[in-house]
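Beneath this line is the structure, given in structure tokens, with notes to follow.
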Amino acid sequence: MRQRDLSEARDAPAVHEELDEPAVHEELTALAARLAARGELPAPPCPDPVNAPMIRHWTQALGDASGAAGAWRDVAPPAMIQVWSMPGLVAQKAGSVADDPLRLLNEHGYTGVVATNCDQTYDRYVRVGERLRSTMRFGDVQGPKRTAMGEGYFVTWFQSWYDEDDRRVAEMLFRVLKFRPRRRGGGGRPSGAKPGRYPLRPAVGPDTRYFWDGVNDGELRIQSCADCGALRHPPGPMCPACHSTNRTYRKASGRGTVHSFVVHHHPPVPGRTPPYAVAVVELEEGVRIVGDIVGCEPSEVEVDMPVRVLFQHMDDELVLPRWTPADAPEPEGRDERREEPDQEPDGALRIDLTPTFVIATALATRDFTPVHHDTELARAQGSKDIFVNILTSIGLVQRYALETVPGAVLESIRVRLGVPAYTGDTLTLTGERADDRTLRVRGAVSLGDHLTATVTFKEGDAQ
């Protein structure tokens, strides 16, 4: 799915017009403009110099064996850059440039918060003993958007780090979603949502249960006759070819082409914002299935356009199959691990997300946000359990990249988060080289893609 160019984010501190609360819209718009106009401002001081104990705790928590091997004896892992300026458990009066928008959203019921994007650029690796200073500048506010977590706003800001000679050593774009938590359980509307705003639930019966069970497992299942093997969709009780009532299913590739489509404008559909394209997709297996197209503008949809299935986690109970252009870089639709459950790609990094891992890594990154260590508070914000924080996700991407390309020097890591990585799940990182300097990384959990990332390498001595 396409992302806004960073230069556009810097130049356009705006709030989208899709809003039900004009007063909040006006206040956020004015606040965003004022904050963006202030430019780069000093951030709270980094509480500690770059030091070996914190590096050791960080590498141990993330399972990075290179720390024990002495790789980080003189310099810090670049993905730790935000850790040095994290305030820790003690609250500080001065915080982020985004504090006022976040506070305003919190006062209007958007009490949940989860990170969604983090792009880090490293001018050089920082050395043990250096004391860094950082600055911040505000980016923008976008929303409200309907997300799997609930309706919310995306807030973006930038942070830069400088050494004692006022030379920049790193820069970061950080984006969070402030959302109204959904009420879990029962399949009803999220708490506080207005009628008509929640996605419709599919009707599941004896003829269709296999299909929706497959969707929940990340598979596109097509009904087939257990006697003659003929495929059919929509599913039914009897084979139209041989009239047998013996049924089974076949797992489809999840790829096809647009046979026909319409662009829906009216009437309103719960959980959707028009206009959007709804297509009849002809699968490689020969049957056709109806679904909406995401990952591109409706005007870009064409007949015969190659597409692939995307299993989107709408909330804690609902997963929907949708379609996206086959060449769209993000999000990658299928959970490839499910096609060969007993096999993993060579070089895959598999992380068991135990409660100890989730909590230990959050604390090692100096992130004391309750959703990463307090189950009850996480559930109160609409999550089903505690989940991995974004600083850990970036650290794991770095670990995978440097294990995949030993001796490489990192220039940047750009991470986009997808579904949460809850405790009790397994995170599997895989990747592919786009070119000599670029590695694309995917981190998948049972719900789908937890992250997609682009790692850029540079030549030379980072020290």
- Task: Report, ordered by the first and then the second residue, all pairs with beta carbons closer than 6 Å, sequence separation of six or more or different chains, a first member in region 311-326 that is over 11 Å from Val419 (Cα atoms), and a second member that is modelled with pLDDT under 75 and open to solvent by less than 20 Å² (accessible area, probe 1.4 Å).
- Result: Thr324/Gly333
- Message: Lys178 - would you say it is modelled with pLDDT under 95 and either assigned by TED's automatic domain parsing to the domain that holds Ala36 or β-branched (Val, Ile, Thr) (or both)?
- Response: yes
- Scanning region 419-451 for residues that are open to solvent by less than 50 Å² (accessible area, probe 1.4 Å) and either assigned to a loop (DSSP other than H, G, I, E, B) or farther than 16 Å from Leu349 by Cβ (or both) gives Val419, Pro420, Ala421, Tyr422, Thr423, Asp425, Thr438, Ser446, Leu447, Gly448
- Say whether the condition of being part of a helix (DSSP H, G or I) and touching a Pro at 6+ places or on another chain (Cβ under 9 Å) is met by at least one residue in region 390-398. yes
- Task: Among the residues of region 346-389, write down those that are at pLDDT below 90, in a helix (DSSP H, G or I), open to solvent by 10 Å² or more (accessible area, probe 1.4 Å) and of a type in the set (Gly, Ala, Ser).
- Result: Ala380
- Task: Please work out if Val307 is touching a residue at least 60 places away in the same chain (Cβ under 8 Å) and open to solvent by less than 30 Å² (accessible area, probe 1.4 Å).
- Result: no
- Query: Within region 399-418, which residues are out of contact with any His (no Cβ under 6 Å at 6 or more places or on another chain), in a loop (DSSP other than H, G, I, E, B) and of a type in the set (Gly, Ala, Ser)?
  - Reply: Gly407, Ala408
- All but one of (1) more than 22 Å from the chain's Cα centre (by Cα); (2) surrounded by fewer than 15 Cβ atoms within 10 Å (Cβ to Cβ); (3) not hydrophobic (A, V, I, L, M, F, W, C) hold for His57, so report the exception by its number. (2)
- Message: One residue is enough: does region 192-209 have a residue meeting the conditions at pLDDT 90 or above, more than 22 Å from Leu310 (Cα to Cα) and surrounded by 14 or more Cβ atoms within 10 Å (Cβ to Cβ)?
- Response: no
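Taking the options Thr135, Thr147, Thr156, Thr121, name whichever one is of a type in the set (Ser, Thr, Tyr), open to solvent by 40 Å² or more (accessible area, probe 1.4 Å) and either over 19 Å from the mean Cα position of the chain (by Cα) or in the same structural domain as Ser383 (by TED's automatic domain parsing) (or both).
Result: Thr121 is the single residue among Thr135, Thr147, Thr156, Thr121 that is of a type in the set (Ser, Thr, Tyr), open to solvent by 40 Å² or more (accessible area, probe 1.4 Å) and either over 19 Å from the mean Cα position of the chain (by Cα) or in the same structural domain as Ser383 (by TED's automatic domain parsing) (or both).
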- Task: Mind listing just one residue for me: the one in region 95-113 that is part of a loop (DSSP other than H, G, I, E, B) and open to solvent by less than 50 Å² (accessible area, probe 1.4 Å) and, of those, modelled with the lowest pLDDT?
- Result: Gly95
- Message: Return the pair list, or none, for Cβ contacts closer than 6 Å from residues in region 114-129 that are part of a strand (DSSP E or B) to residues that are of a type in the set (A, V, I, L, M) and surrounded by fewer than 19 Cβ atoms within 10 Å (Cβ to Cβ), at least 6 apart or on different chains.
- Response: Asp119/Leu173; Arg127/Val75
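The values are calculated or read from the model by the stated rules, or taken from the named source; none is laboratory data. Keep in mind it's a predicted model, so treat the numbers as computed, not measured. Reconstructed Cβ throughout: ideal geometry from the backbone, glycine too, with neighbour counts over all protein chains shown. Note: accessible area is taken over every heavy atom of the protein model, side chains too, but ligands, DNA and RNA are not part of it. Shrake-Rupley method; radii C 1.70, N 1.55, O 1.52, S 1.80 Å.
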